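Below is one structure, written out as structure tokens; comments come after it.
The values are calculated or read from the model by the stated rules, or taken from the named source; none is laboratory data. Note that the structure is a prediction, hence the values are computed from the model and not measured. Here Cβ is always computed from backbone atoms with ideal geometry, including for glycine, and neighbour counts include all displayed protein chains.
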Amino acid sequence: MRAPQDDALYLADEDHRALRRIPLPVDVSAPPIAIAMPGRPAQVLAIEGRVLVTIRDPGLLLVMQPDPTAGLVEVARVPLPADAWGLAITPDERTALVTSAWTGKVSAVDLATATKSWSIDVPREPRGVVVREDGAAAYITHLTSAALTRIDLRSPPQARPIALSPSPYRAPPDEPRAASLGYAAALSPDGRRLFVARHALGAIGELSWFGAASVDVLVTGNDEPLAPRRREAAPSRLARDFELDIAGDQELEAPRSELAPFVQPRALVYRESTRTLLVASEGTDALVELDALSVEPTLRPLHTYPLGSSPALAGAAPGSLDALSRDAGVATLCGAPSGVALSGDESLAWVYCRSTDTLALVRLDEHKAGVPYEPGPVPFIRLAKPPLPEQAAIGRKLFYNATDWITSGGLGCAGCHPDGRDDGHVWHEVSGGDFANFFGSADNRPMAGLAGGVARQTPMLAGRVSAEGPYGWNAQSELLAARILEGFGLHRWGMGGGADGALSLRASYLASFLREGLVPPPREDRPLTPEEKHGFALFTSEAAQCSRCHVPETEYTDRTGYPMPGLVARPGFYREKKGTVYKTPSLRFIAGTAPYYHDGSARTLEALVEQNEDRMGRTSHMSRKDKAALVAFLRTL
Amino acid sequence: MKKLPWIGTVLLGALAPAQASESLIARAAEPDGAAVGPRAETGAGLPDGREAAAASGVRALEEAPPAPERTPRPAAAEWDAAEPVRLARDRSSAACKARMRREWLRIDCTAPSLAAVRTLGASAGEAWFSLDQNSSEDLATGVSVAFPVRLGDRRVIEILAGTSAYRGQIGISTSFVISEQWLDGDAGPLVSVL
């Protein structure tokens, strides 16, 4: 975030629990000032005389002031629901709006008194927030759903969902896709168009097991999508004698442009001077520029600025982080770009590269005739040493990376496990003699004759991978690294190749990061309420038997596979093979991981308990009050 | 395991070679058989049609929108007198040219091996497409698109080329995407060719 006075750049470095102040103009030889934070900072916003910072755990909004000696000093601290993340202010700069991701809240803070005005519930994983030009409403993006939330900023505030289908031309008419990774949104300067970057799950296209990247546009005047609906029998003309049978072939009916000009969009800014959008592509270590004048900006990107790696240095010491990174096929210069700010004249973008702990200075294309863009070396600042030991530090790069074909198959681990959590999606898994593949929707068929697949919900990883094993929905992998190795083959169409040694090395790096680098969601440290205590008693009772398998001492799981009789296949999915067993899932953090079961068939914890039918332990004897108490206890885990 | 793209019946050798745009224009089959009239470049490589218009004197469509009318699609001969216009953005490297007649916009593009043109989505159904194709060629080397530009419009059109693939099979890929939007409150229509 650039300061209004143009004298400094502020950067929230979550992994080092620091806010960084970088004096402008940037001097690549001078280290930035690091200001320690009381928790992990997520976003920073600089306004006249103040710098606002969201802190994830404990949930806070910090109000700070520039200081000639310390860089910044804290002037107020506003407690907010845990996992405070996204940040925006109203046009009059009187109110800050903050999303709290894990707790599913949006709060308003009165900046004059530094007090919370209100908090309201919104759907899972609210992240990006923007306020309309008229200050009448805010739009919220979510990591785990396509719909936005609109909050009318009156008293009392009111929230309602706004439908915005991702990548509408890569879905059959009337079958909108799900979306994930809604980290960021930006308004056009006149406020009449809202651009939302995310990932369209199950979007149709060639080799699109994972879906497609998308920037979707909402018309704020009527809260309708800008892209007109795809229609059956839309006008078309074919070359004479070109025997192309498009009709009925969903892949051919979808746009034939690149599926993923960016991967895992992490940040989005509007560049007013060129009427373009800049997207930080976490998975491909690139900044991607799109046409903001297009109805569907993603179909034809204007420019891609690759940032990942500088040419190999002849002198890179064997065994150094740089050398090991190159061996693992991950970035050395700018990995996992996750923040973008523009210079005052918009000729330069500063890009925060999370997995390399660097800041890249990217000179932008002017998009003018007669002024060709000449790519050159990208200067960068090394902000800090990696916050993790070497193995985990490389695993951290691999986790976000979608370019190492051996590992990712076009989508990084973070594409389905953002923040090490989950995308809320139920994937389709098909297997044959010597292969198994995941894909995002029943429409995406890896080969003729295969459709549907069995249902596999994305599990959360953070805080759930300390055990030695086994892992996988069916307890099929003895060790975590083995499960990761299996994932290299599953999460793609076709194997990525690679020698056994290269695969194992990458799996061990990733396992280190999952255990040492992922941060579990926040949990309230408080005594149980009477209702929760009653739920605990039920959970551990001989009558219910929940804790026999969900063993409290081992992350609420015994890691053993059991059959699940009576579960019927959901529409669009295959029936499970006879004798399939399902590993007891950990219940840690279960409140925030809906939907439930391996097939996502229970949308809420209440529905899970209500529809259990004594399949897991015994609950049919419980009263409505008991079931509510059991759910209340589960929410504390 | 890799899924093959679409498998067609046109052999690789039948794909049309690249054509010089001049020769294409000379023989291009115009809508309803009309001759090709003067055309203007749509502002290739420029960030903004308004800036380009100021430099070239060609009207920027965005700054001088058509009158709110609803007239029939111009007859072929009417396009001869159509006015060249600049679009909000054009990244076709001068392969596409735009002109305006009443509220109707026509965009002509030249490129090798053009196979199809289609509407991906439109708020209104009217659009007219033509492919310029020699009788001896399986694929076209030019395409013309015409549609009315009216307040409230939103439209996305994709122009596709045949591409070579495995063992003589061909696939299709995007050559150009035309986008039109004109929302209430906009100064004028935003049309881009990318």
Original post:
Got a sec? Which of A:Asp152, A:Asp174 is more than 26 Å from B:Leu190 (Cβ to Cβ), modelled with pLDDT of 95 or more, acidic (Asp, Glu) and surrounded by fewer than 23 Cβ atoms within 10 Å (Cβ to Cβ)?
Top reply: A:Asp152
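Take A:Ala537 and tell me if it is more than 24 Å from A:Ala402 (Cα to Cα), among the aliphatic types (A, V, I, L, M) and surrounded by 15 or more Cβ atoms within 10 Å (Cβ to Cβ). Please lay out each step first, then the result.
Working: more than 24 Å from A:Ala402 (Cα to Cα): yes; among the aliphatic types (A, V, I, L, M): yes; surrounded by 15 or more Cβ atoms within 10 Å (Cβ to Cβ): no.
No.
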**OP:** Find the residue count for the stretch A:17-36, including only residues that are among the aliphatic types (A, V, I, L, M), more than 16 Å from A:Val63 (Cα to Cα) and not in a loop (DSSP other than H, G, I, E, B).
**Re:** 3
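When you scan the stretch A:286-298, do you find a residue that is more than 24 Å from A:Pro189 (Cα to Cα) and among the acidic types (Asp, Glu), even just one?
Looking only at the stretch A:286-298, we keep the residues that are more than 24 Å from A:Pro189 (Cα to Cα), and these are A:286.
Pick out the ones that are also among the acidic types (Asp, Glu) and you get none.
The answer is no, given that none of the residues of the stretch A:286-298 is more than 24 Å from A:Pro189 (Cα to Cα) and among the acidic types (Asp, Glu).
A quick yes/no check of all residues on (1) crowded, with 20+ Cβ neighbours inside 10 Å; (2) of a type outside the set (Phe, Trp, Tyr); (3) within 14 Å of chain B (Cβ to nearest Cβ); (4) outside any helix (DSSP H, G or I):
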residue: A:Ser466; (1), (2), (3), (4): no, yes, no, yes
residue: A:Gly469; (1), (2), (3), (4): no, yes, no, yes
residue: A:Ala482; (1), (2), (3), (4): no, yes, no, no
residue: A:Gly489; (1), (2), (3), (4): no, yes, yes, no
residue: A:Arg492; (1), (2), (3), (4): yes, yes, yes, yes
residue: A:Gly498; (1), (2), (3), (4): no, yes, no, yes
residue: A:Ala502; (1), (2), (3), (4): no, yes, no, no
residue: A:Arg506; (1), (2), (3), (4): yes, yes, no, no
residue: A:Ala511; (1), (2), (3), (4): yes, yes, no, no
**OP:** Could you check, for the stretch A:163-178, whether at least one of its residues is farther than 24 Å from A:Ala254 by Cα and in the same structural domain as A:Glu282 (by TED's automatic domain parsing)?
**Re:** no
Original post:
Can you name the condition, by its number, that A:Leu364 falls short on among (1) farther than 30 Å from A:Ala499 by Cβ; (2) more than 14 Å from every other protein chain (Cβ to nearest Cβ)?
Top reply: (2)
Subject >> Breaking point among (1) crowded, with 16+ Cβ neighbours inside 10 Å; (2) assigned by TED's automatic domain parsing to the domain that holds A:Pro126, for A:Pro91 >> reply: (1)
Original post:
Out of all the residues in the stretch B:134-146, which are crowded, with 22+ Cβ neighbours inside 10 Å, touching a residue at least 40 places away in the same chain (Cβ under 8 Å) and facing chain A (nearest Cβ under 9 Å)?
Top reply: B:Asp138, B:Leu139, B:Ala140
**OP:** Scan (1) surrounded by fewer than 23 Cβ atoms within 10 Å (Cβ to Cβ); (2) more than 7 Å from chain B (Cβ to nearest Cβ); (3) in contact (Cβ under 8 Å) with a residue 40 or more places away in the chain; (4) of a type outside the set (Val, Ile, Thr) for the single condition A:Ala212 breaks and write down its number.
**Re:** (1)
Original post:
Out of curiosity, is A:Glu346 within 14 Å of chain B (Cβ to nearest Cβ) and either closer than 20 Å to A:Ile22 by Cβ or not in a loop (DSSP other than H, G, I, E, B) (or both)?
Top reply: yes
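Would you mind stating whether A:Ala178 is away from every other protein chain (no Cβ under 13 Å), under 21 Å from A:Gly104 (Cβ atoms) and in contact (Cβ under 8 Å) with a residue 24 or more places away in the chain? Lay out the reasoning, then the answer.
Values: away from every other protein chain (no Cβ under 13 Å): yes; under 21 Å from A:Gly104 (Cβ atoms): yes; in contact (Cβ under 8 Å) with a residue 24 or more places away in the chain: yes.
Here the answer is yes, as A:Ala178 does meet what is asked.
Exposed (fewer than 15 other Cβ atoms within 10 Å of the Cβ) and either at pLDDT below 95 or not small (Gly, Ala, Ser) (or both): does that describe A:Glu516?
Details: exposed (fewer than 15 other Cβ atoms within 10 Å of the Cβ): no; either at pLDDT below 95 or not small (Gly, Ala, Ser) (or both): yes.
So A:Glu516 fails the test.
Considering only residues that are under 22 Å from B:Asp186 (Cα atoms), free of Cβ contacts under 8 Å to residues at least 60 places away in the same chain and assigned to a strand (DSSP E or B), look in the stretch B:147-161 and name the one that is nearest to the chain's Cα centre (by Cα).
Taking the stretch B:147-161 as the starting set, the residues that turn out to be under 22 Å from B:Asp186 (Cα atoms) are B:147-157.
Pick out the ones that are also free of Cβ contacts under 8 Å to residues at least 60 places away in the same chain and you get B:147, B:152-157.
Checking which are assigned to a strand (DSSP E or B) leaves us with B:147, B:154-157.
Values: B:Phe147: 10, B:Arg154: 16, B:Arg155: 13, B:Val156: 11, B:Ile157: 8 Å.
Taking the candidates together, the pick is B:Ile157.
Which one of A:Glu206, A:Glu253 is surrounded by fewer than 23 Cβ atoms within 10 Å (Cβ to Cβ), at the interface with chain B (Cβ under 10 Å from one of its Cβ atoms) and under 25 Å from the mean Cα position of the chain (by Cα)?
Answer to the selection: A:Glu206.
For the stretch A:418-426, indicate whether the set of residues that are assigned to a strand (DSSP E or B) and within 24 Å of the chain's Cα centre (by Cα) is non-empty. Lay out the reasoning, then the answer.
Step one: of the stretch A:418-426, the residues assigned to a strand (DSSP E or B) are A:426.
From what's left, within 24 Å of the chain's Cα centre (by Cα): A:426.
Yes, the conditions are met somewhere in the stretch A:418-426.
Taking the options A:Leu333, A:Leu277, A:Leu307, A:Leu299, name whichever one is crowded, with 21+ Cβ neighbours inside 10 Å, within 24 Å of the chain's Cα centre (by Cα) and farther than 28 Å from A:Trp85 by Cβ. Steps first, please.
On the way: A:Leu333 fails: farther than 28 Å from A:Trp85 by Cβ; A:Leu277 fails: farther than 28 Å from A:Trp85 by Cβ; A:Leu307 fails: farther than 28 Å from A:Trp85 by Cβ.
Being crowded, with 21+ Cβ neighbours inside 10 Å, within 24 Å of the chain's Cα centre (by Cα) and farther than 28 Å from A:Trp85 by Cβ holds for just one of A:Leu333, A:Leu277, A:Leu307, A:Leu299, which is A:Leu299.
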Original post:
Within the bounds of the stretch A:494-511, is there any residue that is under 27 Å from A:Asp599 (Cβ atoms) and at pLDDT 95 or above?
Top reply: yes
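In the stretch A:289-303, what residues are within 19 Å of A:Ala341 (Cα to Cα) and more than 9 Å from chain B (Cβ to nearest Cβ)?
Listed by number, the residues that qualify are A:Glu289, A:Leu290, A:Ala292, A:His303.
Considering A:Ala8, A:Ala42, which residue is more than 17 Å from A:Trp85 (Cβ to Cβ), crowded, with 16+ Cβ neighbours inside 10 Å, in contact with a Lys or Arg (Cβ under 9 Å, 6 or more places away or on another chain) and touching a residue at least 40 places away in the same chain (Cβ under 8 Å)?
Every option except A:Ala8 fails the conditions.
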Original post:
Based on what the data block shows, is A:Tyr352 over 27 Å from the mean Cα position of the chain (by Cα) and modelled with pLDDT of 90 or more?
Top reply: no
Original post:
Out of curiosity, is B:Leu120 among the hydrophobic types (A, V, I, L, M, F, W, C), within 8 Å of chain A (Cβ to nearest Cβ) and in a strand (DSSP E or B)?
Top reply: yes
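Against the condition farther than 23 Å from B:Phe176 by Cα and not in a strand (DSSP E or B), how does A:Ser294 come out, does it pass? Don't jump to the end; show me each part of the working.
Working: farther than 23 Å from B:Phe176 by Cα: no; not in a strand (DSSP E or B): yes.
It is false that A:Ser294 is farther than 23 Å from B:Phe176 by Cα and not in a strand (DSSP E or B).
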Subject >> Conditions (1) surrounded by fewer than 24 Cβ atoms within 10 Å (Cβ to Cβ); (2) assigned to a strand (DSSP E or B): number failed by A:Gly182 >> reply: (1)
**OP:** Read through the list (1) in contact (Cβ under 8 Å) with a residue 24 or more places away in the chain; (2) part of a loop (DSSP other than H, G, I, E, B), then give the number of the only condition that A:Ser620 fails.
**Re:** (1)
Original post:
Within the stretch B:123-133, can you find the residues that are more than 17 Å from the chain's Cα centre (by Cα) and either aromatic (Phe, Trp, Tyr) or facing chain A (nearest Cβ under 8 Å) (or both)?
Top reply: B:Ser123
